Amino acid sequence: MYDKLWLIPFFPLVGSIINGLLGKKIKNEKVIGGISTVAIALSFVVSCKYFFQLLGDTDKTHESIVASWMSVGSLQVDWGFLLDPLSALMIMVVTGVGSLIHLYSIGYMHGEEGFYRFFSYLNLFCFSMLMLVLGNNALVMFVGWEGVGLCSYLLIGYYFEKKSAGDAAKKAFVVNRIGDFGFLLGLFLLFWTLGSKGVWTIQFTEIAANAHLLESGGVIVTIITLCFFLGACGKSAQIPLFTWLPDAMEGPTPVSALIHAATMVTAGVYMIGRMCGLFAMAPTTMMVVATVGAATALFAATIGLAQNDIKRVLAYSTVSQLGYMFLAMGVGAFSAGIFHLMTHAFFKACLFLGSGSVIHGMHHGYHHAHLHDDPQDMRNMGGLRKKMPITFITFLVSTIAISGIPLFSGFFSKDEILWWSFGSNRGHWSLWLLGAIAAGMTAFYMFRLVFMTFYGEQRTDARAKDHIPESPLTITIPLMVLGVLAVIGGYVGVPAILGGANHIHHYFEPVFGEAIKLNNISAHGSHATEYALMAISVGIAVFGIFLAWTMYVKNPALPGQFVAKFTGLHRVIFNKWYVDEIYDALFVNPTKRLGTFLWRGIDVRVVDGIVNGVGKLVNVGSMLLRYTQTGYVHNYAFMMVVGMLFIVGFYILR
Amino acid sequence: MITVYHYMAVSAILFSLGTFGVLTRKNAIVIFMCIELMLNSVNLTFIALSRHLGSMDGQVFVFFIMTVAAAEAAVGLALMISFYRNRESIDVDDINLLKW
C-alpha cells in the first residue's frame, strides 16, 4: 500500500543528478528548468496520492523500509520512510510549494550564469528536505537535516563572486553547525538512555512507544529535549542562533522563499513535533521553548520595524513567525504550531516571491536606464501597484493573511496559538502578551512594507521609473496560486467557537493526541475569554495597520519626525540591536584570535618548529658523519678490520 | 711432532700477512692476491681442524670457499680490467668517486 514512498524523494534526486552532471551541456534553460520542475511536480503527484490514501485510511502510521543501512550490535538502522499525518502534511507543503517555486525560478533566474547549477541545488534541497520529513528514524532524518543545511549553504552562496554572499553562506553553515551539534548530543544521550533500559533504537515509532521508560519531568529527558531544542534553534533561526537567517537573504529570492521561509527553517518545528512525546514529558524544556519562541517573535518583529531592504523585512518577519511556531510547540499546541507552519509556508512564500517579482521589475528598470541603484531598497520604490497589479494583489492578500485579519489563513493559525499560549496549562498570560504585541508589530511592519512599495509617490529614479514591467507568467502563476492558498489555507482549522470543526486538530490527533493526553496538556477557558482574546489580537493588528497607514500613506513626513525624536532608539533597532556586533565581540573575534594564536603561536612555532628541528638535526648529523665516507678503499678495509678485531676481542675478553 | 697448533699458527700468520697487505698496498692486483692469501689461510684452518676433530664438515666448507673464491676472482678481475680501461690505472687510491 505504502511501499512506493521512496519515489517521493527519488524524483528530485534524479532531477538534481541530471542537471548537475549534464546541465552544462544541455544549456537550454527551458529544458533544465523543465526537468527540475517536472521532477518535483511528480513528487507532488505521488505525495497527493499518499496523502489522500492516508486520509481515507483508518490506520494512520505507515512505515516502508527500502534497504538496510547498517546493523551494529543490537542497533539496526534502515533507509526507511514513515508516513503519518505529520509527515504527510509536510511532504504536501514541501512538494507543493516547492513545485510552484521551481516554476517561478524558471522566469526569475532567466539569463543567470549557472542556471543549471541553481536548479540542481534546488532539486537536491527538495530531496534532502523530503528525506528529513519522511525518515522513519533519527539518522535518516539527520541525513536530510545536514543535506538541507548543505543546500542552504550552496544556495546562499550562489552569487559566490560577491564577498557578502560567501560570508553569509559561511555564517549560515557555521551557526547551523552549533545547532547540529546539539541535535547529535541529544540523539546520543537518548540512544544510550533508552539502551540502558534495554531498548536499542533510533526509530521514531519505537522511541515514542518506549518514552515511558524515561522518568517524566526528570533531568535526563529535560537535557535530551534541550539538546534537541538547540538543534531546532539553529535550523529554525531562534534566539540565540537567529543571526544567520537575515544574512541568508544574499541568496536568490526563490531560495529565500523555499528554503528560508517555507520549508527548511521549519525543520526545527517539525522535529519538535516528531519528538512531541519526549518534549511533552519535560515541562522545563517546554517552558524554555515557549519563552524562547515568544521572545524571538517579539525581538525579530522590533527589528523588522526599521529595515529598508524589502527582503530583510521579510527575513525578520520569518524569524518572528517561526517564534510563534515555537511558542505553540512550547505551550503544547503542537497541531496549532504545525498549522501555522503550513499557513506561513503559503503566505510567506507568496510574500517572498512577490518581493522577488518587485525586485525583478526594479532590476529591469535600472538595467534599462543603466543605473546601479539598489533594487531591493524600499526607499527607491513606491507607487508600484499600478505597474505590477498581479504582484500587488497577491502581495496584499498575503500581507493581510500574515497580519491576522479574520477570514484569512494567518488569522486562524495565529489565533489558535495565542489562545493556547493563554489558556493552556503549559502557557502563561505573559506569553500571550508577548505574542499579541508581536502580532501588532507584524501588522505594522508588513503594511509599512506594502505602503512603501506599492503606494504613494514613485521614488524610483526618473530614468528608470517608466520601465518597470509586470513579471512574466512563470512568475505570476505561482504568485496567484499561493495567494489563493494564503486566503483559503486557514479553513482547515476553523476553531470550534467560530462554528468550525477544526479539522486540522483532528487530523493530527493520531500523532500528538497520546503525548498530550499522557502529560495532561489542555487549554481551558470560557468562550467569553476566547472571544475577548480574539477581539484583542484582531484589534491590535488593525491598530498596527492603521498606524502604518497614518505614517506611510496619510502623512509620509511622520516617520522622519519620529526618527528625529527617538534617534537613539531608531539607531539601535535599525542596527538590529547590535546583536551581530555583540556576537562578534563575544564569540567571533575571540575565536578568530584563538585561531590566530594557534596558527602563529602553536602551529608555526611549536609544530613547525619540531618538524623543521628534526630535519635540521638530521642535516647537521649527516654533515658530520659524511666525513667518514672518504671514498678510499683502504679506509673502508681498515674499518672492517678494526670492527672485526673489536667483535672478536669482545668475545675473547668477556 | 707437528700438531694442530702449528697449523693454526701458520694460518694465523698467513691471515695477518694478507690483512696487512690489503691495508697497505695500493695496487689492486696485489690487494686481490692478499685477499686470496687470507681466504687460503682460512682454508688451512678448516682442513687442520677437520683432521683434528675427525669430521668432514670443514672440508665441505673448504670446497665452498674455493668455489666462491674462483667466482670472486673472475668478477674482481673483470672489474679491474674495466676500471683500467677507464682510468689507465689500477691504483685503489684512484677509485675515489664514491665519496662525499
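The values are calculated or read from the model by the stated rules, or taken from the named source; none is laboratory data. All values reported here derive from a predicted model rather than from experimental measurement. Methodologically, a virtual Cβ is constructed for each residue, glycine included, from the backbone with ideal geometry; neighbour enumeration extends over all protein chains shown. Side chains are part of the model used for accessible areas, which takes the heavy atoms of the whole protein and leaves out ligands, DNA and RNA. Shrake-Rupley method; radii C 1.70, N 1.55, O 1.52, S 1.80 Å.
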* Residues of region A:571-587 that turn out to be more than 15 Å from A:PHE242 (Cβ to Cβ) and touching a residue at least 12 places away in the same chain (Cβ under 8 Å), as a count -> 2
* Structure fact -> Scanning region A:423-472 residue by residue, those modelled with pLDDT of 90 or more and among the charged types (D, E, K, R) turn out to be A:ARG448
* Structure fact -> Among helices (runs of 4 or more DSSP H) entirely inside chain B, those with 3 or more residues being more than 14 Å from chain A (Cβ to nearest Cβ), among the polar types (S, T, N, Q) and surrounded by 13 or more Cβ atoms within 10 Å (Cβ to Cβ) are B:28-53
* Asked: When you look at A:ASN176, is it crowded, with 22+ Cβ neighbours inside 10 Å and farther than 27 Å from A:ASP84 by Cα, yes or no?
  -> yes
* Asked: Restricting the first residue to region B:40-68 and requiring it to be without any contact (Cβ under 8 Å) to a residue 60 or more places away in the chain, which pairs with a second residue that is acidic (Asp, Glu) and open to solvent by 40 Å² or more (accessible area, probe 1.4 Å) meet a Cβ separation below 9 Å and a spacing of at least six or different chains?
  -> B:PHE46/B:ASP57; B:SER50/B:ASP57
* Where residues in region A:39-63 are assigned to a loop (DSSP other than H, G, I, E, B) and of a type in the set (D, E, K, R), which of them is most open to solvent (accessible area, probe 1.4 Å)? -> A:ASP59
* Looking at this structure, is A:MET1 closer than 22 Å to A:VAL511 by Cα, at pLDDT below 90, of a type in the set (A, V, I, L, M) and out of contact with any Leu (no Cβ under 7 Å at 6 or more places or on another chain)? -> yes
* To do: Report whether or not A:THR567 is under 25 Å from A:TYR316 (Cβ atoms) and either of a type in the set (Ser, Thr, Tyr) or at pLDDT below 85 (or both).
  => yes
* Asked: Quick one: would you say A:VAL607 is aliphatic (A, V, I, L, M), in contact with a Gly (Cβ under 9 Å, 6 or more places away or on another chain) and surrounded by 11 or more Cβ atoms within 10 Å (Cβ to Cβ)?
  -> no
* Structure fact -> Sole miss for A:ASN137 among (1) of a type outside the set (A, V, I, L, M, F, W, C); (2) surrounded by fewer than 21 Cβ atoms within 10 Å (Cβ to Cβ); (3) in contact with a strand residue (DSSP E or B) (Cβ under 7 Å, 6 or more places away or on another chain) is condition (2)
* Asked: If we scan region A:333-346, do we find a residue that is more than 30 Å from A:TRP420 (Cα to Cα), in contact with a Phe, Trp or Tyr (Cβ under 9 Å, 6 or more places away or on another chain) and crowded, with 24+ Cβ neighbours inside 10 Å?
  -> no
* Structure fact -> How many residues of region A:622-654 are more than 14 Å from chain B (Cβ to nearest Cβ) and assigned to a helix (DSSP H, G or I)? The answer is 6
* To do: Would you tally the residues in region A:209-254 being touching a His at 6+ places or on another chain (Cβ under 9 Å) and open to solvent by 10 Å² or more (accessible area, probe 1.4 Å)?
  => 1
* Do we find a residue being in a loop (DSSP other than H, G, I, E, B), closer than 21 Å to A:ILE477 by Cβ, touching an Asp or Glu at 6+ places or on another chain (Cβ under 9 Å) and open to solvent by less than 10 Å² (accessible area, probe 1.4 Å) anywhere in region A:380-402? -> yes
* To do: Looking only at region A:495-504, decide whether some residue is outside any helix (DSSP H, G or I), touching a His at 6+ places or on another chain (Cβ under 9 Å) and not polar (S, T, N, Q).
  => yes
* Structure fact -> When region A:1-36 is checked residue by residue, the ones that are of a type in the set (S, T, N, Q) and in contact with a helix residue (DSSP H, G or I) (Cβ under 7 Å, 6 or more places away or on another chain) are A:SER16, A:ASN19, A:SER36
* Can you find even one residue in region A:438-461 that is more than 25 Å from A:MET381 (Cα to Cα), outside any loop (DSSP other than H, G, I, E, B) and open to solvent by less than 60 Å² (accessible area, probe 1.4 Å)? -> yes
